[in-house]
Amino acid sequence: MPTALVTGVSRGLGIRICHELKAAGYRVLGVGLSVAPQHVPLDDYRVVDLREPVSCELFAGEAVDVLVNNAGVYLDDPRGGYGDLFALSLADLRETFAVNLFGATQLVQRYAPPMLARGSGRVLCVSSGMGRLQDADGASFAYRASKLALNALVLGLARHFERRNADLSAFAFCPGWIRTDMGTRTAPNDPRLAAEDLVRLLKLPAARSNGRFFRGRQELGWDTSGPLVVN
Ligand SMILES: NC(=O)c1ccc[n+]([C@@H]2O[C@H](COP(=O)([O-])OP(=O)(O)OC[C@H]3O[C@@H](n4cnc5c(N)ncnc54)[C@H](OP(=O)(O)O)[C@@H]3O)[C@@H](O)[C@H]2O)c1
């Protein structure tokens, strides 16, 4: 039975990902801030604050076949009246990067080398279309920049995987605008369907997913070339 490790499992997309992985036959390990996540089908769970250094003892001895970096924060959400670049506090900029990038990076550093050694594994980072340069609109700088950097992490890891020429894939996934605490109740899309798409993508052959950026099941692509801002 393959083992998947998912971050941010106590609510939102994370819960749905755990349900879909379980239904697909995975052993599911979870981490998050919540002391005791409810209604999540987990085989094991640890409280981990991704703003802090991740212990090298975390799930020691477990062979993680799939890492899903799902946890994220969106602190400079303009819907909360606080999205402007010039109003952004350094503390919120730091926290956004701590969770969205540094947390994911630590887990990649911890779990991708054994995948490389085994010659198999999947690393999926839940990113956002807002992390594409062409989508930058002047608001939500912290969130956008953190997802742009997360995309760079995916591409860096994908290069390592590509060189190994094995069943290894690292890719980014945008769930679309979904109904969660982050997405709000007014979002048009169901997180359950996004989780279904995500788990289907994990089953693609490595050559069809490594180094790519998906929204739903479709390839979104990274960015366009040429001037993005024209006066
Ligand atoms: N919602 C959308 O429309 C949308 C669109 C595009 C991309 N995304 C991305 O999808 C992912 C999931 O978002 P969501 O909508 O499910 O958000 P959410 O409902 O706000 O849930 C966020 C999750 O991240 C975890 N988390 C936050 N800070 C953490 C920390 N310091 N350490 C460990 N875990 C932490 C939370 O854990 P606790 O519950 O334990 O606090 C929670 O499980 C995120 O990466 C987000 O950027 C969402």
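The values are calculated or read from the model by the stated rules, or taken from the named source; none is laboratory data. This structure is a prediction, so every number in the text was calculated from the model and none was measured. A quick note on method: Cβ atoms are made from the backbone with ideal geometry, for glycine too, and the neighbour counts reach across all protein chains shown. For accessibility, only protein heavy atoms count, side chains too; no ligands or nucleic acids. Shrake-Rupley method; radii C 1.70, N 1.55, O 1.52, S 1.80 Å.
Under the criterion of Cα pairs below 8 Å and six or more residues apart, the relative contact order for the stretch 34-127 equals 41 percent. Toward the positive end of the charge dipole of the stretch 122-194, with +1 on the Cβ of Lys and Arg and -1 on the Cβ of Asp and Glu, the farthest Cα among S169, L148, N189 is that of S169.
Averaging the sequence gap over all C-alpha pairs within less than 8 Å and six or more residues apart, then dividing by the number of residues, gives the stretch 3-219 a relative contact order of 20 percent.
Note that the stretch 13-27 has calculated 3J(HN,Hα) couplings of 4, x, 4, 5, 4, 4, 4, 5, 5, 4, 5, 8, x, 8, 7 Hz, one per residue in order, obtained from phi through the Karplus relation 6.51 cos²θ - 1.76 cosθ + 1.60 (θ = phi - 60°); glycine and proline are x. For the chain, set up a Gaussian network in which alpha carbons nearer than 10 Å are linked by springs, and say which option among R94, R212, R16 fluctuates the most. Among R94, R212, R16, the largest GNM mean-square fluctuation belongs to R94. Mean residue ellipticity at 222 nm, helices only, the chain: -10000 deg cm²/dmol; runs of at least 4 DSSP H residues each add -39,500 (n - 2.57), and the sum is divided by the number of residues.
Round to a whole number: what % of the accessible area of the chain belongs to carbon and sulfur, probe 1.4 Å? So the carbon and sulfur contribution to the accessible surface is 54 percent. Computed with a 1.4 Å probe over protein heavy atoms only, the accessible surface of the chain comes to 49 Å² per residue. The convex hull defined by the C-alpha atoms of the stretch 14-75 has an orientation-averaged projected area of 4.9 nm². Beta-bridge orientation, the chain: approximately 10 percent antiparallel, per DSSP, counting only bridges with both partners inside. Mean sequence separation of contacting Cα pairs (under 8 Å, at least six apart), scaled by the length of the stretch 139-221, corresponds to a relative contact order of 31 percent.
Please work out, to two decimal places, the log10 of the ratio I(q)/I(0) at q = 0.14, 0.15, 0.16 Å⁻¹ from a Debye calculation in which every Cα of the stretch 131-189 carries one identical scatterer. Results for the stretch 131-189 at q = 0.14, 0.15, 0.16 Å⁻¹ read -0.55, -0.61, -0.67. The alpha carbons of the chain stretch over 53, 40, 33 Å along the principal axes, in descending order.
In this Cβ point-charge picture (+1 for Lys and Arg, -1 for Asp and Glu), the chain has a dipole of about 580 debye about its Cα centre.
Label sites at S120 and S55, each approximated as a point 7 angstrom past Cα along Cα to Cβ, lie 3.0 nm apart.
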